[in-house]
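The values are calculated or read from the model by the stated rules, or taken from the named source; none is laboratory data. Model, not experiment: these values are computed from the prediction. Quick reminder, even Gly has a Cβ in these numbers, built from the backbone with ideal geometry, and neighbours come from all protein chains shown. Side chains included, ligands, DNA and RNA excluded: accessible areas come from the protein's heavy atoms. Shrake-Rupley method; radii C 1.70, N 1.55, O 1.52, S 1.80 Å.
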Amino acid sequence: MGPKHCFLGFLIGVFLTSGGEAQSAHESLKPQRVQFRSRNFHNVLHWQPGRASSNNDSIYFVQYKMYGQKEWKNKEECWGIQELFCDLTNETSDLQEPYYGRVMLASAGRYSGWTITRRFTPWWATNIDPPVVNVTQHNRSLLIILHAPDLPYRNQKGTNVTVENYYDLVYRVFLINNSLQKMQEQNIYEGAGRVVAIGALTPHSGYCVVAEIYQPMLGRSSPRSDEQCVKIP
C-alpha cells in the first residue's frame, strides 16, 4: 500500500473515531427516565439529567404531541428551563387519547438528542386519590359522607369536575373498632353511593373509619383515606 493510501486510511480512521466519540457524547447527554406521572389527571412530565450533564448549567426543552400527529409542539413554559419536570395537564386534557412527550438537554454549548416517553393515556394511567371522608356522630350512630377527588377541569357551569365524571366508582368503607384487645376491621359498605349510615354502635367504644375507591373497569383501588376516629358515649 502506497503513502497516499496509508494517509487516506488514517484520515478515515480519525473521522470515524471522532464521529463515534461525538455520537457517544451526544447519547450520554440525553435526559434519562423521561416519563409521565399522573395523579387525578394532573399530568406532569418528569426526567433525570443525562450521564454526562452538569445540573448547574443544564437547561431542558420539552415538546409533546398526540399519538398520530406528525408535528411536535413546543411547551413554551418549559422551553429552556432548569427544572426536571414540566406540567402538561392542559396539553393532555383529551383523557382517552394517547400522548407522547420528549425532552432535550443543552449543557455548555452541547445539545443532546431527544428522549421520548412511552405512550401515555391519561384515562388509563392516572392514579386516583382516596375519597375525602367526613364523619358526623350522633349518639350511637355515625353518618359518613364520601367525596371523590376533584380534577383540574371545570364543567360549563364553572364547577369542579370529579373522578365520577370519568369512571364508574365503587366506594369501600371500613370500620375499625379500637376498643377491643385486638383491633377489628370490618368492611361495612361497598357501593356507588356516597352517604353511609351506621347505627347501634357499642357504648363507650372508640371507632375509626377509613375508605377507598375501587375502579372495576381497571381492576385497581386507590390508597386508603386517613382515619377519622370518634368515641361513642
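Some values worked out for this structure:
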read-out: Residue pairs meeting the criteria (Cβ under 6 Å; at least 6 apart or on separate chains; first closer than 15 Å to Ser38 by Cβ, in segment 147-165; second of a type in the set (A, V, I, L, M)); value: Pro149/Val163; Leu151/Val161; Tyr153/Val161; Val163/Ile128; Val163/Ala148
read-out: Tally of residues being polar (S, T, N, Q), open to solvent by 70 Å² or more (accessible area, probe 1.4 Å) and over 29 Å from Ser93 (Cα atoms) across segment 140-198; value: 4
read-out: The one condition in (1) open to solvent by 20 Å² or more (accessible area, probe 1.4 Å); (2) touching a Ser or Thr at 6+ places or on another chain (Cβ under 9 Å); (3) in a strand (DSSP E or B) that Val210 fails to fulfil; value: (1)
read-out: Residue check, Gly113 open to solvent by less than 80 Å² (accessible area, probe 1.4 Å) and either closer than 22 Å to Leu151 by Cβ or touching a residue at least 60 places away in the same chain (Cβ under 8 Å) (or both); value: yes
read-out: Single condition Thr136 does not satisfy, out of (1) over 30 Å from Ser205 (Cα atoms); (2) open to solvent by 40 Å² or more (accessible area, probe 1.4 Å); value: (1)
read-out: Test: residue in segment 25-38 that is assigned to a loop (DSSP other than H, G, I, E, B) and buried (at least 17 other Cβ atoms within 10 Å of the Cβ); value: yes
read-out: Residue check for Gly50: modelled with pLDDT under 95 and open to solvent by less than 40 Å² (accessible area, probe 1.4 Å); value: yes
read-out: Within segment 64-89, tally of residues that are without any contact (Cβ under 8 Å) to a residue 12 or more places away in the chain and within 19 Å of the chain's Cα centre (by Cα); value: 0
read-out: Meets criteria (within 27 Å of His42 (Cα to Cα), touching a strand residue (DSSP E or B) at 6+ places or on another chain (Cβ under 8 Å), of a type outside the set (Phe, Trp, Tyr) and open to solvent by 20 Å² or more (accessible area, probe 1.4 Å)) for Gly219; value: no
